[in-house]
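One structure is given below, encoded as structure tokens.
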Amino acid sequence: MNVKFGSLYRRIPRLEQIPFLIHGFGIRIWEEGDYRNRPEWKDFKLVFLDQIHSNIVQVIDNTSEEKLRGDAMITGLPFLVLIIKTADCLPVLIVDESQKVIAAVHCGWRGTSKRVVHKVIQRMKDHYGSNPGSLLVALGPCIGHECYEIGEDVFQSFKREGLSTEFFLNHPLRPRKYLFDLKGANLSQMVSAGVDEKNVFSTDICTHCHQNLPSYRRDKDEAGRTLSFIGMSF
Ligand SMILES: [Zn+2]
């Protein structure tokens, strides 16, 4: 799909057209210090979350120094860079072009089972008056369907939450194992929250298959993290 391959981070062409927006999905060697080395971003403050695989959404209305806990951030403030760290989980960046609101979301299987991305879209609507149908959504690199083997526990937790299990395939070789479509499950939640599928842009890259992207499944504690970011200046 329509993705620009920069040297250090990937961008979505449709989002690049927005004059007040910066965004990207970093590769392995893109690190926190690299933001400081860009003179054009010197006015931006970096905002990280203490990510806990939850559905806690932080709405950032003022800039404070405290570290926020949760797995999603939303803001209408300029000069913040919202940063999500992942290694196989799905990073999601959202922008409301007309209301000037942005969000960054960490979607692992746990957050997905707790409908974190659905909750973010609902919050953008309630708190900022966003129209879900006009939101633009960028899905970053995550572990692909064929590579994401999970067990009965994950399958059961989706069932318990009353979520569709259509994104689980029986593993072709291993009994009681499944292959989980993390991206598909999240896309479905967005659409059910009112997002128009034609406004969703995906990098379609599997972290597990690409050596220049961190993959926890492949590299365990050596994996490092992908930094995905979004910010506004105006
Ligand atoms: Zn793969």
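The values are calculated or read from the model by the stated rules, or taken from the named source; none is laboratory data. Computed from a predicted structure; not experimentally measured. We place every Cβ from the backbone using ideal geometry, glycine too, and count neighbours over all the protein chains shown. The protein model used for the area step is the full one, side chains on, heavy atoms only, and it has no ligands, DNA or RNA in it. Shrake-Rupley method; radii C 1.70, N 1.55, O 1.52, S 1.80 Å.
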* **Residue within segment 91-102 that is modelled with pLDDT of 95 or more, away from the ligand (no atom under 16 Å from the Cβ) and assigned to a helix (DSSP H, G or I) present** => no
* Asked: Among the residues of segment 87-96, is there at least one that is open to solvent by 40 Å² or more (accessible area, probe 1.4 Å) and within 25 Å of TYR128 (Cβ to Cβ)?
  -> no
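Any chance you could count how many residues in segment 119-165 are in a helix (DSSP H, G or I), within 16 Å of the ligand (Cβ to nearest atom) and either of a type in the set (Asp, Glu) or under 30 Å from ASP61 (Cβ atoms) (or both)? Give the derivation first.
Step one: filter segment 119-165 for residues in a helix (DSSP H, G or I), giving 119-128, 132-134, 145-147, 152-160.
After this cut, where a residue has to be within 16 Å of the ligand (Cβ to nearest atom) as well, the list is 145-147.
Keeping just the survivors that are either of a type in the set (Asp, Glu) or under 30 Å from ASP61 (Cβ atoms) (or both) gives 146.
Of the residues in that region, 1 qualify.
Would you point out the residue of segment 188-219, among those that are of a type in the set (Lys, Arg) and within 16 Å of the ligand (Cβ to nearest atom), that is least open to solvent (accessible area, probe 1.4 Å)?
ARG218
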* Structure fact -> For segment 43-59, pairs from a residue that is in contact (Cβ under 8 Å) with a residue 40 or more places away in the chain to a residue that is open to solvent by less than 60 Å² (accessible area, probe 1.4 Å) and among the polar types (S, T, N, Q), with Cβ under 7 Å and 6 or more apart or across chains, are LEU49/GLN58
* Return only the number of the condition from (1) open to solvent by 70 Å² or more (accessible area, probe 1.4 Å); (2) under 18 Å from ASN55 (Cβ atoms); (3) assigned to a loop (DSSP other than H, G, I, E, B) that ARG110 does not satisfy. => (3)
